[in-house]
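The values are calculated or read from the model by the stated rules, or taken from the named source; none is laboratory data. Source: prediction; values computed, not measured. No Cβ is skipped: glycine too gets one built from the backbone with ideal geometry, and neighbour counts run over all protein chains shown.
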Amino acid sequence: GLPKGIVHGHGGVVVEHLKAVALQSDMGRDDTFFWYTSPSWMMWNFQVAGLLVGATVVCYDGSPSAPHPDELWRIAARLRVTVLGTSPGYVLGCIKADAAPSRTHDLSALRTVGITGSSLPPTSSLWLRDQVGVQTSSISGGTDVVSAFIGGVRTVPVWPGELSAPFLGVALDAWDEDGKPVRGDVGELVITKPMPSMPVSFWRDPDGKRYHDAYFDVYPGVWRHGDWITITDHGSVVVHGRSDSTLNRHGIRMGSADIYQAVERLPEVAEALVIGVEQPDGGYWMPLFVVLAEGVELTDEVRERINDAVRTEVSPRHVPDEIIAAPGVPHTRTGKKLEVPIKKLFQGRDAARVVERSAVDDPDLLDWYAEQRRS
């Protein structure tokens with residue numbers, strides 16, 4: 001949506017980062033820390049926090065996959081990186097390119113691969129295990145707190161498709177619509193006690209109404225982050241996607257991440273975007289927009305391969321109503337798919353009100369989606 005203008009307190013963020021880097025990530029003076037990020041993303045702050053414990057920080061200006069798909073692994077090998085951070089998208093790109101990092105590069109210094117930006121599919125986690133052979137620390141948090149809520153830690157196992165544990169000091173829970181904790185089932189991600197890095201305020205929000213409406217309008221006094229999660233019986237967490245973009249077909253809720261894990265593994269699909277649109281007549285329309293790989297056309301055969309992947313790997317109930325070839329998927333500047341703004345576009349909202357164009361990586365794509373709504 002429109003920018004919140006978050007105001008953070010310096011002391012609270014420093015305390016949170018010291019905890020996250022020194023304790024949760026177990027970094028110190030002997031570590032070399034490289035997270036592929038940009039200064040507009042909170043992961044830049046997270047990486048710079050490595051300096052708080054005396055770690056060496058790697059700054060990189062360039063592509064993660066050029067001139068070769070395994071460019072990040074090459075840099076990690078050359079600089080003897082011990083903690084490397086990247087995204088599920090980069091890992092998937094390496095899988096599609098048949099990269100074999102541990103065979104082609106000396107990664108003997110590496111001990112942890114961090115992942116964030118979206119959910120890491122189980123298959124990608126297993127690929128990292130087999131092709132890199134170090135701990136995978138998949139984390140989830142937010143710019144809102146400049147930190148993570150859930151992630152890996154060296155004392156807890158890694159379960160493919162799951163985030164190993166809540167971060168230290170994070171009172172994380174999953175609640176149902178009535179505000180009751182749930183286990184083994186999908187619930188809203190809530191933080192029941194304050195974290196030191198929670199925003200002080202929003203810019204130009206003198207009465208705090210926008211701040212309150214952003215986090216506390218569903219459960220009074222309890223932070224609702226807007227993600228669907230499942231807390232497992234062994235204490236790990238599965239992140240299904242944004243709760244306000246979660247797909248709800250015939251009463252069965254499904255995170256968009258589950259759809260992407262199935263569809264984006266297909267060689268014909270470069271990227272996908274799925275939305276569920278509640279319609280005025282009570283109907284529910286769930287289109288899947290696909291960015292096709294170079295040279296691929298959206299034939300009936302490709303459509304059936306996509307539908308079959310969703311049907312067999314996700315749920316027969318969540319086979320899309322329509323598959324539409326798209327020129328691209330719009331993202332925030334930090335790489336998150338703009339599911340909710342696109343959903344609002346298809347529900348009739350004005351494009352100028354659903355998202356700030358300057359916050360989109362390719363603003364022209366918004367016009368294409370708006371035109372699809374009109375047609």
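Can you find even one residue in region 34-49 that is buried (at least 18 other Cβ atoms within 10 Å of the Cβ), out of contact with any Asp or Glu (no Cβ under 7 Å at 6 or more places or on another chain) and of a type in the set (S, T, Y)? Within region 34-49 (the criterion being buried (at least 18 other Cβ atoms within 10 Å of the Cβ), out of contact with any Asp or Glu (no Cβ under 7 Å at 6 or more places or on another chain) and of a type in the set (S, T, Y)), the answer is yes, since at least one residue qualifies. Cβ-Cβ contacts under 6 Å between residues 6 or more apart (or on different chains), taken from a first residue in region 219-232 that is more than 14 Å from L163 (Cβ to Cβ) to a second residue that is assigned to a loop (DSSP other than H, G, I, E, B), are listed as Y219/G179; V222/T192; R224/V218; G226/S243; G226/D244. There is no residue in region 83-104 that is modelled with pLDDT of 95 or more and among the aromatic types (F, W, Y). Take the conditions (1) touching a Gly at 6+ places or on another chain (Cβ under 7 Å); (2) at pLDDT below 95; I139 misses just one of them, which is (2).
All conditions in (1) touching a strand residue (DSSP E or B) at 6+ places or on another chain (Cβ under 9 Å); (2) within 18 Å of D227 (Cβ to Cβ) hold for P194, with the sole exception of (2). Note on region 269-375: no enclosed strands (runs of 3 or more DSSP E) hold 3 or more residues that are in contact (Cβ under 8 Å) with a residue 60 or more places away in the chain and either touching a Leu at 6+ places or on another chain (Cβ under 7 Å) or exposed (fewer than 13 other Cβ atoms within 10 Å of the Cβ) (or both).
Taking the options T82, T112, T123, T37, name whichever one is assigned by TED's automatic domain parsing to the domain that holds G226, within 20 Å of G142 (Cα to Cα) and among the polar types (S, T, N, Q).
Details: T82 fails: within 20 Å of G142 (Cα to Cα); T112 fails: within 20 Å of G142 (Cα to Cα); T123 fails: within 20 Å of G142 (Cα to Cα).
Of T82, T112, T123, T37, the one residue that is assigned by TED's automatic domain parsing to the domain that holds G226, within 20 Å of G142 (Cα to Cα) and among the polar types (S, T, N, Q) is T37.
Within region 77-129, restricting attention to residues that are touching a strand residue (DSSP E or B) at 6+ places or on another chain (Cβ under 8 Å), part of a loop (DSSP other than H, G, I, E, B) and not polar (S, T, N, Q), the residue that is surrounded by the most Cβ atoms within 10 Å (Cβ to Cβ) is L120.
D213 meets each of the listed conditions (1) more than 25 Å from P160 (Cβ to Cβ); (2) not assigned by TED's automatic domain parsing to the domain that holds P166 apart from (2).
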